[in-house]
Each structure stands twice: as C-alpha cells, then as structure tokens.
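S.K.: The structure's right below; bear with me while I get my questions together.
The values are calculated or read from the model by the stated rules, or taken from the named source; none is laboratory data. Because the structure is a prediction, the values reported are computed rather than measured. Reconstructed Cβ throughout: ideal geometry from the backbone, glycine too, with neighbour counts over all protein chains shown.
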Amino acid sequence: MSSTFKNNDFNDVVFGRRSVKIYDEQVKISREELTEILEEASSAPSSVNLQPWRFIVIDTEEGKAKLSALASYNQTQVKTSAAVIAVFGDLMPQRHIEEIFSKSVELGYMSQEVKDKQQPMYEGLYDNSTPQKLRDIVLIDAGLVSMQLMLVARAHGYDTNPIGGYDKANIAEAFDLDKERYLPVMLISIGQKAVDGRPSYRLPVEVTTTWK
Ligand SMILES: Cc1cc2nc3c(=O)[nH]c(=O)nc-3n(C[C@H](O)[C@H](O)[C@H](O)COP(=O)(O)O)c2cc1C
C-alpha cells in the first residue's frame, strides 16, 4: 500500500465520519483512486483469510439509473455521489482458497506444510457448512471490509453512507451476478460531501457492555 493519504489524522478520520447523504455532484473519483481505496479496504481481516467480499462499483449514468430503481428511499445518495459501491458476499469463498494459499506460500507468508495440512481442512469445513453458517461468516467478513472502506475513504478526503435500504432480492441479477452465490451486504455511497452528515447519539458503554 503506497497511498499518501490526504487525511492522516486518526481522530478526524474516525470520529469525523458521518453518514453523508448529499454530495457535490461535480466531484468525481477516478477509477484509479477507487481501485486504491478498494485495495486498501481489502487489508481487512477475514475468516481463514478467504476475503469473501465482492464489489460492484456503480459510477456510470447507466449503472446509477439501474440502481436508482432498486434504492427508492436513498435516491439522493445514488444521484449525487461520485459512485456507489455495492458490497456482496461470495457464498463459495473456498473457490479461491487454492489461489490465496499458493500465493501465501510463494510470498513466504505460509509454509508448504501448513498449506498442505490446512487447505483440505478448511475446504471441507466450508463445503460442509450449513447455508446459515456460511451466510453468517460472509456477512461478518463483508461487514469488516465495509467499515474499513468507509474509513479509508475518509483518509482519501471523501465521505460515505452505508445503505441497507435497497432491493436486496433483485440487486444481484440486475448487475449480472448469480443471486444464489452472491449475497447482498450493503451499498456504500462515496463522494465529496456537499452537506454535513448529522451528528448521532451513541449508547453509553454501561448499556452496551458487561464486565465479568
Ligand atoms: C447496515 C447499515 C444500513 C444502513 N442503511 C441506511 C439507509 O438505508 N439509508 C440511510 O440513509 N442510512 C443508512 N444507514 C446509516 C445509519 O443510519 C447511520 O450509520 C447511523 O444513523 C449513525 O450515523 P453515522 O453513520 O453518521 O455515525 C445504515 C447504516 C448501516 C450500518
């Protein structure tokens, strides 16, 4: 990762993040920079390092028109953002285990012995998982990359809005994905804010936490 971030201020990146709904329509983000943002976000952790997140970057008029019809309650973000990133989870992430583990051996991150032992074990684990278990794993992993993406976007000087209000039953097919394999996770609009996001209340730690 070689980004020189526009904003390296941890406090501002993390605690200045708000869900931004209205963006400056004049500000576009190049596909090169969006690729960088996705690469950086993808350093997020994942179960067995299988990285089950898949992204569709919707940054064309045509793509946005299609998305608009599926995100009726979130039109402003779709219309004004530089792009909307549709995050999906691959319910067959083990299809990439050979590539990930071989590359890890080649790069010296994993020994051949560990690969030979762990790969069949994990393949079996994923192959024999129930659909519910797979869904849970993939949703957690894709949630982590989504959060990281939103913070990386801030470091690049942009804002985001995670969006769950869209037609999850039809998004995969609308964008030519196999809906049995790719689980919709969330949309993330990204762009330069035109209007600040509203501050929001957080429950105190006493409510969310118990100590044992
Ligand atoms: C999974 C998820 C789904 C969300 N869906 C929507 C949505 O459909 N529309 C919207 O305007 N905001 C949506 N939000 C944004 C939340 O309302 C927002 O994160 C929350 O109010 C806290 O505000 P903040 O993000 O500015 O800290 C969603 C957030 C998450 C994490």
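S.K.: For region 103-174, please list each of the helices (runs of 4 or more DSSP H) lying entirely inside it that holds at least 1 residues being closer than 30 Å to K64 by Cα and modelled with pLDDT of 95 or more.
M.R.: Values: elements: 112-127, 131-155, 171-174.
Hits in region 103-174: 131-155, 171-174.
S.K.: I've got another one for you. If only one of V138, V195 is under 20 Å from the mean Cα position of the chain (by Cα) and of a type outside the set (D, E), which one is it?
M.R.: On inspection, the qualifying residue turns out to be V138.
S.K.: Please tell me if Q94 is away from the ligand (no atom under 16 Å from the Cβ) and among the polar types (S, T, N, Q).
M.R.: Numbers: away from the ligand (no atom under 16 Å from the Cβ): yes; among the polar types (S, T, N, Q): yes.
Taking the combined requirement at face value, the residue satisfies it.
S.K.: Something else: Considering every residue within region 109-128, establish whether at least one is within 25 Å of F10 (Cβ to Cβ) and touching a helix residue (DSSP H, G or I) at 6+ places or on another chain (Cβ under 9 Å). Break it down stepwise before answering.
M.R.: Taking region 109-128 and keeping what is within 25 Å of F10 (Cβ to Cβ), we get none.
So far as region 109-128 goes, no, none of its residues is within 25 Å of F10 (Cβ to Cβ) and touching a helix residue (DSSP H, G or I) at 6+ places or on another chain (Cβ under 9 Å).
S.K.: Kindly establish whether Y158 is more than 16 Å from the ligand (Cβ to nearest atom), hydroxyl-bearing (S, T, Y) and over 11 Å from the mean Cα position of the chain (by Cα). Please lay out each step first, then the result.
M.R.: Details: more than 16 Å from the ligand (Cβ to nearest atom): no; hydroxyl-bearing (S, T, Y): yes; over 11 Å from the mean Cα position of the chain (by Cα): yes.
So Y158 fails the test.
S.K.: Only one residue in V195, V185 is within 23 Å of S68 (Cα to Cα), within 16 Å of the ligand (Cβ to nearest atom), modelled with pLDDT of 95 or more and in a strand (DSSP E or B), so which one is that? Talk me through it step by step, then tell me what you get.
M.R.: On the way: V195 fails: in a strand (DSSP E or B).
V185 is the lone residue from the list that is within 23 Å of S68 (Cα to Cα), within 16 Å of the ligand (Cβ to nearest atom), modelled with pLDDT of 95 or more and in a strand (DSSP E or B).
S.K.: Which of the residues spanning region 150-206 are among the polar types (S, T, N, Q) and in contact with a strand residue (DSSP E or B) (Cβ under 7 Å, 6 or more places away or on another chain)? Walk me through it before giving the result.
M.R.: If we filter region 150-206 for residues that are among the polar types (S, T, N, Q), which is where we start, we get 160-161, 170, 189, 192, 200.
Scanning region 150-206 gives T160, N161, S189, Q192.
S.K.: Can I ask one more? Could you give me the residue pairs with C-beta distances under 7 Å whose first residue belongs to region 17-37 and is in contact (Cβ under 8 Å) with a residue 24 or more places away in the chain and under 14 Å from M150 (Cα atoms), whose second residue is away from the ligand (no atom under 11 Å from the Cβ) and of a type in the set (D, E, K, R) wherever it lies, and which are 6+ apart or on separate chains?
M.R.: Listed pairs, sorted by first residue: R17/R154; V20/K193.
S.K.: Name the residues in region 73-82 that are over 19 Å from V185 (Cβ atoms) and in a helix (DSSP H, G or I), would you?
M.R.: The answer is Q75, T76, K79, T80.
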